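The values are calculated or read from the model by the stated rules, or taken from the named source; none is laboratory data. In this text the structure is predicted, and so the values were computed from the model without any measurement. Every residue, glycine as well, gets a Cβ built from its backbone with ideal geometry; the counts of neighbours run over all protein chains shown. Surface areas here come from the heavy atoms of the whole protein model, side chains and all, with no ligands, DNA or RNA. Shrake-Rupley method; radii C 1.70, N 1.55, O 1.52, S 1.80 Å.
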Amino acid sequence: SARSRVIVHLDLDCFYAQVEMIRAPDLRDKPLGVQQKALVVTCNYEAREHGVKKLMALKEAKEKCPHLVLVNGEDLTPYREMSYKVTELLGQYCPLVERLGFDENFLDITEVVEERLKHLQQRGWAGVHVAGHVYKDQALNLHDTTHLRLVLGSQVAEDLREALNSKLGLTSCAGVASNKLLAKLVSGTFKPNQQTLLLPESSQELLRSLGHIQKVPGIGYKTTKRLETLGVKTVVDLQRFPSAVLEKELGVALAQRIQKLSYGEDEAPVTPSGPPQSFSDEDSFKKCSSEVEVQEKLEELLPSLLDRIHKDGRQPRTIRLTIRRFSSAERWFHRECRQCPIPPHLIPKFGKDTRSIISPLVTILMKLFRKMVNVKLPFHLTLLNICFSNLQELPTTKKGSIGFYLKSVVPPPAPEEQVRWGRWDGAEGEGLGGEGSAACGQSFRRSDGIPDTRKLSEGKENSGRKGGIPDFPAPSFPGAIDQEVFRELPEDIQQELLAAQA
């Protein structure tokens, strides 16, 4: 049942700063800030004692703490690598680990707790105690199996945090509750390097303490704006709002989901993350207003991104470009993107000859860019993001066998799209860049912001248009012979294959 679940949310303390202090131990007792562009994206607690905060401007941070040590954090590689080490280590203790950004993980420790409960029933209740804090110091009832499971869960959480500290040198906060939503909300009650247990009887008090609805994980920026137009601003407002009216305004599924969240009900499972579903990297800046600048920034992003794909070993089939235009009204949340299939002749070069594919990839990305931006008019961008998705394992068929020449062509996953992005309805990790695993949303719009209900015809959107991205339709030959490979074969082999297919 929902009440018998035990979920832990682990949040690493000032993660980027901790990684830097592990890399350079002499920084441990100094006020430290991690810099990206003109911002301190995070800082250690010594710096926070002097008034430095996350996402504070460098100038203001130095004014508050003149002896602040700054480390450049634009290269996310060390943080990404440490993040995967954390998830891997947690997976040794519990198979159900879900990575969230670089610095957070959910764990479903229900089965681990059940095993401890069996041992406890055999040897008695002596020594049962809460590890860490109980939210609002609510009284425990160890005769209530829900309370008992959560208490044992707090001990498991403490063991996990101790393992992270002893094996990786990282401190963390943890929340223990009966679902992901509540575990995440309670995990930050006591910081740093502490943990908090939430009993079911205190969940409503925790939710109402949030105030504004946007503080509820799962209710994003756009949904918040729509709710505000209905007069819904607080968690209590959402709880009391008529369900029928909410369903009419937002649709049944969304309305029911967010109203359940307002009551602390969250049935979402902890889903093991597995390998990344996509690889992305982005750069944010104050202003980018020329094609030359755009191309330069794309060329800067690609090498490290291609290196990550090479280490992964899979090959992407889709490339996507995301932009963010300057907007005083929607400074952080307005994004547009376009994607297209990667030409088949480039796919085998991923992981082998990355330098040679940078130029053709930039050409493709610039064409996607011109689909979104009229370069004849002034434009002002504040972000560029490149994403490779639809990752597939390397083909195992060996060259020389007839199967190699008759391999099927994977159809493009989707037509080119242009969409608007809102913030992912959930938590955001540290820093300005991330793993970029989110996919484009489903709200299709033209570049002028007017909803576009036309269904793009796959493989025909760019046909015959000058400057359009070339299409790669499936071969017309029987048996779906790969055209790129077929054209490279000697003529007699071609004839033989065609005759065999006929």
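What the table shows:
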| read-out | value |
| --- | --- |
| Gain on full stretching of the segment that runs from S289 to K376 - 0.36 nm per residue minus C-alpha separation | 30.2 nm |
| Cross-link pairs beyond the 23 Å C-alpha cut-off, checked among K167/K215; K59/K215; K30/K287; K54/K167; K118/K191; K30/K64 | K167/K215; K59/K215; K30/K287; K54/K167; K118/K191 |
| About the Cα centre, charge dipole magnitude for the stretch 239-292 (Lys/Arg +1, Asp/Glu -1 at Cβ), debye | 300 |
| 1.4 Å probe accessible area per residue over the stretch 7-207, in Å² | 44 |
| The stretch 339-391: trypsin sites (Lys or Arg not before Pro) falling in loop per DSSP and having at most 12 other Cβ within 10 Å | K352, K376 |
| Probe 1.4 Å, accessible area per residue of the stretch 278-392, Å² | 43 |
| Rough spin-label spacing in nm, given labels placed 7 Å along Cα→Cβ, for Y84 and E201 | 4.7 |
| Distance (nanometres) between label positions extended 7 Å along Cα→Cβ at H345 and T271 | 3.8 |
| Low-density loop positions, GluC sites (Glu not before Pro), the stretch 254-310 - DSSP coil, at most 13 other Cβ in 10 Å | E267 |
| Equivalent ellipsoid semi-axes, the stretch 7-207, via Cα gyration tensor eigenvalues times 5, rooted, Å | 35, 18, 14 |
| Highest average packing first - 112-122, 151-161, 226-236, Cβ atoms within 10 Å | 151-161, 226-236, 112-122 |
| Contour minus Cα-Cα distance for E63 and E162 (0.36 nm per residue) | 32.0 nm |
| For the stretch 210-263: rounded, prolate or oblate by the Cα gyration tensor [a/c cutoff 1.5] | rounded |
| 5 Å binning of all Cα-Cα separations within the stretch 278-392, expressed as whole percents from 0 upward | 2, 11, 24, 25, 17, 11, 7, 3, 0 |
| Straight-distance crosslink candidates among lysines, where the alpha carbon sits under 24 Å from K349 and sequence neighbours closer than 8 are dropped | K297, K311, K367, K398, K399, K407 |
| Gained length - L142 relative to S328, 0.36 nm times residue gap less alpha-carbon distance | 61.6 nm |
| Nitroxide proxy distance, nm - points 7 Å out along Cα→Cβ at R226 and L120 | 4.2 |
| Quotient of C-alpha Rg and 2.2 N^0.38 Å, computed over the stretch 37-82 | 1.17 |
| Among the listed pairs K85/K222; K136/K260; K53/K225, those beyond 31 Å (Cα-Cα) | K85/K222 |
| Amide H partners (placed H, <5 Å) of L96, local residues excluded | D108 |
| The stretch 44-82 versus the stretch 347-391: alpha-carbon centroid distance in Å | 32 |
| Solvent accessible area, Å² - K62, 1.4 Å probe, full protein context | 80 |
| Within the stretch 188-281, chymotrypsin sites (Phe, Trp or Tyr not before Pro) in DSSP loop having at most 15 other beta-carbon neighbours inside 10 Å | Y263 |
